[in-house]
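Input: a single structure, listed below in structure tokens.
The values are calculated or read from the model by the stated rules, or taken from the named source; none is laboratory data. This one's a predicted model, so the numbers in the text were calculated from it and none came from an experiment. Here the Cβ positions follow ideal geometry from the backbone for every residue, glycine too, while neighbour counts run over all protein chains shown.
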Amino acid sequence: MGVRNSLKNGRDFLARQSHNYRMMLVRSGGGMFLFNLTGQYSSIFTKALGADNMTIAWLQSVSSFISMLISMPVGYVTDNYNLKKVMGAGLFLNIAMVGMYAFAQDWKWIFIAMVINPFTMALMFRSQQVIITNELDSAERARGMGVRMQVAMVLGLISPIPAAILVDRWGGLTIDGIRPLYYLRFVGMIIIYSYVYIKLTDVMPTPRAKKSTGFFDDFREVLDGGGRKLKVMMVVGALGALVWSTIQSFTFLYAAEVKGANALVLGLLPTVETIASVILATPMNNLADTKGRKYAFLIIRPALWLFFVIVILAPNQYWLLVAWTLRGIGMSTSAYNTLFLEMVPAEQRGRWMGLSNTFSALLRIGAPLLGGLMYSCKWPWMLFAVPLAVDMLIRIPIFHFWVPETLIKLKQTSIN
């Protein structure tokens, strides 16, 4: 009976939402299914193509530098132009990026892919975030963002194990073993993204309270209107970028090379992470819509810290499954992203993301190089120990004490 009611509530929720919101579910779900074919093998594949640890770090740093340069211009475009066209450009570049992996002859092809990647992230993902946030009512915004995340995770759950079996059959963790997965992802993206773009309706810019007076004045308007809270949130976001960019390129390399994870275990890691996130996503996002965005985010943060601890101490590859389960718990709510986007009015969300990402990218430039140095030293576990300390001792205390709760303000606005 409970399952039947949950399914009915889910159908009723989707029926209330716009066509474009449902198209974003298709993009997210299809994209995650295809991403999880290759995501855990990207650094291994790049290394097999001839890159060493520091080259992998350098590639990520170049990508972050480009992200810093384009974040504000793309944020401006997001607030001022038809988001269907903005997203279309991002979809096309995302396909091109994966094509570079699929047909790569050496690691220099991956360099081109990493140059394209920040344009994809800025154009596609930010326009998606704005479309979803603006289309959802504030009373169920965290739930709606969570549903998108759940759809993506459930579909993403399907692909890692078959991908691991195929890699093992095609030759293991080698170029020939991994490359066919990129072929599958490339063709799948052409099909799914073409469908999404054709079906998506035009999304014109949200009317602005004040007329634009110029590029830099537009961004100054966002900061002046947000005051100290936006500046603090930019620091919190930048520290988060430091944490994740430090480990991003080396997490699965560490699992394979230091902890001895084979192809099957590497495939299971995102699977157990997704299962944990899917199970907890609905209750955690309901908490975010009732008790607060901050409450829902902070209550499960210790699970993520345990992920770092277990990855460091794991005596064998199977303990990594426990670590990734905890990581899934720690990532199961969309409360942080909901709060982040609610801190500014709808017409400023593109510029706000542009400002925040420009600042975050400054730290992301050096973070992969720091990660590469720590991974290559005689204590590779430092790769996880330093980000753990930054998140637990600096980032989360700042977030807890100085970032305001947005749900209270939204409720007061609704009552008035």
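Suppose the filter is farther than 26 Å from residue 30 by Cα and assigned to a helix (DSSP H, G or I); does residue 188 pass it?
The answer is no for residue 188.
Being assigned to a helix (DSSP H, G or I), β-branched (Val, Ile, Thr), under 30 Å from residue 275 (Cβ atoms) and at pLDDT 90 or above narrows it down to one residue among 66, 95, 112, 116; which is it?
Going through 66, 95, 112, 116 in turn, the sole match is 95.
Of the residues 183, 193, 197, which is more than 22 Å from the chain's Cα centre (by Cα), among the aromatic types (Phe, Trp, Tyr) and at pLDDT 90 or above?
183
Working carefully through the options 159, 249, find the one that is closer than 24 Å to residue 327 by Cβ, out of contact with any Leu (no Cβ under 7 Å at 6 or more places or on another chain) and of a type in the set (Gly, Ala, Ser).
Every option except 249 fails the conditions.
Looking at 294, 259, which is the one that is basic (Lys, Arg), farther than 12 Å from residue 331 by Cα and assigned to a helix (DSSP H, G or I)?
The unique qualifying residue is 294.
Specify the residue that is modelled with the lowest pLDDT; the eligible residues are those in segment 281-301 that are surrounded by fewer than 21 Cβ atoms within 10 Å (Cβ to Cβ) and among the aliphatic types (A, V, I, L, M).
The extreme case among them is 287.
I need the helices (runs of 4 or more DSSP H) fully contained in segment 331-404, keeping only those with at least 2 residues that are touching a residue at least 60 places away in the same chain (Cβ under 8 Å) and buried (at least 22 other Cβ atoms within 10 Å of the Cβ).
Per the criteria, 335-342, 349-376, 382-390.
Which members of segment 198-225 meet the condition of being surrounded by fewer than 18 Cβ atoms within 10 Å (Cβ to Cβ) and among the aromatic types (Phe, Trp, Tyr)?
If the condition is that a residue be surrounded by fewer than 18 Cβ atoms within 10 Å (Cβ to Cβ) and among the aromatic types (Phe, Trp, Tyr), then 215, 216 are the ones that fit.
In segment 360-371, is there at least one residue being at pLDDT 95 or above and among the small types (Gly, Ala, Ser)?
no
Looking at 166, 173, which one is surrounded by 13 or more Cβ atoms within 10 Å (Cβ to Cβ), modelled with pLDDT of 90 or more and within 23 Å of residue 98 (Cα to Cα)?
166
With the structure loaded, tell me whether residue 298 is touching a residue at least 60 places away in the same chain (Cβ under 8 Å), in contact with a Ser or Thr (Cβ under 8 Å, 6 or more places away or on another chain) and aliphatic (A, V, I, L, M) or whether it fails that test.
no
The rows are residues; the columns are (1) in a loop (DSSP other than H, G, I, E, B); (2) small (Gly, Ala, Ser).
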position	(1), (2)
100	no, no
104	yes, yes
123	no, no
150	no, no
176	no, no
201	yes, no
204	yes, no
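Take segment 9-47 and flag every residue that is in contact with a Ser or Thr (Cβ under 6 Å, 6 or more places away or on another chain) and of a type in the set (Gly, Ala, Ser).
43
Any idea how many residues of segment 185-196 are crowded, with 17+ Cβ neighbours inside 10 Å and out of contact with any Lys or Arg (no Cβ under 8 Å at 6 or more places or on another chain)?
4
Just to be sure I understand the filter: pairs with C-beta atoms under 6 Å, separated by 6 or more residues or on different chains, first member in segment 76-91 and within 26 Å of residue 34 (Cβ to Cβ), second member crowded, with 23+ Cβ neighbours inside 10 Å and basic (Lys, Arg). Which pairs pass?
Every condition considered, the pairs that remain are 78/126.
Give me a count of the residues in segment 46-63 that are outside any helix (DSSP H, G or I) and buried (at least 20 other Cβ atoms within 10 Å of the Cβ).
Count: 1.
Residue 228 fails exactly one of the following numbered conditions: (1) surrounded by fewer than 17 Cβ atoms within 10 Å (Cβ to Cβ); (2) modelled with pLDDT of 95 or more. What is the number of that condition?
(2)
Can you spot a residue in segment 59-80 that is under 24 Å from residue 161 (Cβ atoms) and either in contact with a helix residue (DSSP H, G or I) (Cβ under 8 Å, 6 or more places away or on another chain) or not hydrophobic (A, V, I, L, M, F, W, C) (or both)?
Scanning segment 59-80, I find no residue that is under 24 Å from residue 161 (Cβ atoms) and either in contact with a helix residue (DSSP H, G or I) (Cβ under 8 Å, 6 or more places away or on another chain) or not hydrophobic (A, V, I, L, M, F, W, C) (or both), so the answer is no.
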